[in-house]
Amino acid sequence: MLSNSIRLFRVAGIDVGVHYSWLVIFGLVTYSLGIGFFPQAVPGLPAAEAWILGAIAAILLFASVLLHELAHSFMAKARGLDARSITLFIFGGVSNLAGEAKQPATEFLVAIVGPLTSFVISGVAFFVATSFTEPRVEATASYLAVINLLLAVFNLIPGFPLDGGRVLRSIVWSITGNLRRATDLAANMGKLVAYGFMAWGFLRILERDFLGGAWIILIGWFLHGAASSSLDQVVLDTRLRRVRVGDIVRPDTFTVPPGLPVAQLIEEVLLPANKRAVPVQHDGQLIGMVTLSDLVKIPAERRLTARVEEVMGGRKGVITVRPADPLAHAIGLLSEHDFEQMPVLEGERLIGMLTRADVMHQLHLREALDV
Ligand SMILES: [Zn+2]
């Protein structure tokens with residue numbers, strides 16, 4: 001789940017949550033429907049009722065986006081990928097699927113099923129709007145028909161990371177057999193689409209539609225960022241695909257004993273070696289790590305008397321990797337926990353430290369040599 005989000009409930013093993021930014025959208029949608037759309041669509045509607053209908057329509061919009069994302073997640077599960085969570089945020093939803101599709105067909109199906117769901121919801125809402133004569137039901141259903149149609153069409157724009165961009169990528173991937181090239185194309189299309197949105201937003205602003213223009217520019221900005229970062233991710237994955245932790249870890253078996261005084265650790269180990277963290281070992285076994293953040297917590301006068309074992313984090317809190325682990329897995333752990341480094345263990349014996357800097361260095365080398 002994205003950070004800054006609230007977990008709501010769980011459907012078929014998938015956590016559903018909303019990002020705080022979504023609350024802003026909920027307010028904006030309710031406001032614009034309550035003050036603009038409903039009073040116009042249903043003449044003579046009391047203001048309070050218009051607001052209530054606005055909130056109901058906003059919740060139904062939430063449900064529509066959720067169904068769209070659930071469709072992605074269920075298809076991913078059916079094709080053997082792991083779907084963990086869905087977060088609804090300001091521009092729609094994000095499904096957190098573990099791992100990328102290994103076949104173009106999987107990527108195609110997972111991507112296309114979302115917009116198809118939105119089309120179906122739009123169709124159902126259209127049917128309701130035309131079969132009921134109750135003006136409030138009719139207005140709400142028409143709104144949902146239009147918004148879901150827009151949702152489907154917007155998501156089918158063929159630029160990565162929109163669903164349409166994934167569809168495009170899967171098609172190019174299946175034709176060329178080259179995931180990297182397919183991603184390049186889809187991501188560049190995504191950037192082009194993003195520039196298009198930004199240009200359109202500026203035009204709107206020139207035409208004095210400041211809020212609408214700013215909103216469209218923001219969407220373009222977001223799409224551009226997302227297209228670039230998905231490209232980076234694929235570059236990282238393909239460059240480092242066959243690399244294992246053991247291939248790049250530098251042997252570094254330096255540890256300190258648990259009984260070392262903290263003052264000595266700082267003066268004789270951390271400062272001279274320019275280190276932020278040191279593994280603690282006892283009887284040939286890793287028993288914990290002592291890091292800068294452990295040390296800043298203790299008052300200066302305690303440093304003289306305290307020993308490492310009193311301030312260090314225990315073995316349970318230390319996340320480690322093995323030499324045979326894929327490097328991509330280790331990178332995932334480093335960024336997930338926001339670590340600078342991780343101990344590499346063979347059994348319980350420390351053989352080295354994997355650092356963020358080593359990973360970046362390796363990536364740059366491979367880029368430069370085009371390996
Ligand atoms: Zn989608």
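Is it true that Ala263 is in a helix (DSSP H, G or I) and under 30 Å from Leu327 (Cα atoms)?
Here the answer is no, as Ala263 does not meet what is asked.
Is it true that Leu28 is of a type in the set (A, V, I, L, M), away from the ligand (no atom under 16 Å from the Cβ) and surrounded by 20 or more Cβ atoms within 10 Å (Cβ to Cβ)?
no
What tally of residues in the range 29-87 results from selecting those that are free of Cβ contacts under 8 Å to residues at least 24 places away in the same chain, at negative phi and not in a helix (DSSP H, G or I)?
3
For the range 248-260, what are the residues that are assigned to a helix (DSSP H, G or I) and surrounded by fewer than 16 Cβ atoms within 10 Å (Cβ to Cβ)?
None - no residue of the range 248-260 is assigned to a helix (DSSP H, G or I) and surrounded by fewer than 16 Cβ atoms within 10 Å (Cβ to Cβ), so the list stays empty.
Condition check: away from the ligand (no atom under 11 Å from the Cβ), touching a strand residue (DSSP E or B) at 6+ places or on another chain (Cβ under 7 Å) and at pLDDT 85 or above. Does Ala76 satisfy that?
yes
Can we say Gly114 is within 16 Å of the ligand (Cβ to nearest atom), modelled with pLDDT under 85, touching a helix residue (DSSP H, G or I) at 6+ places or on another chain (Cβ under 7 Å) and closer than 19 Å to Leu61 by Cβ?
Judged against the criteria, Gly114 is not a match.
Could we say that Ser131 is surrounded by fewer than 16 Cβ atoms within 10 Å (Cβ to Cβ), more than 16 Å from the ligand (Cβ to nearest atom) and on the phi < 0 side of the Ramachandran plot here?
yes
In the range 270-297, what residues are farther than 17 Å from Arg349 by Cα, surrounded by fewer than 16 Cβ atoms within 10 Å (Cβ to Cβ) and in contact (Cβ under 8 Å) with a residue 60 or more places away in the chain?
Selection gives Arg276 alone.
Would a scan of the range 181-201 turn up a residue that is within 16 Å of the ligand (Cβ to nearest atom) and under 23 Å from Gly54 (Cα atoms)?
Looking for residues that are within 16 Å of the ligand (Cβ to nearest atom) and under 23 Å from Gly54 (Cα atoms), one finds none in the range 181-201, hence no.
What about Ile157, is it in a helix (DSSP H, G or I) and within 12 Å of the ligand (Cβ to nearest atom)?
no
The values are calculated or read from the model by the stated rules, or taken from the named source; none is laboratory data. As the structure is a computational prediction, the values presented were derived from the model and not from experiment. Ideal geometry is used to build each Cβ from the backbone, glycine not excepted, and the neighbour counts take in all protein chains shown.
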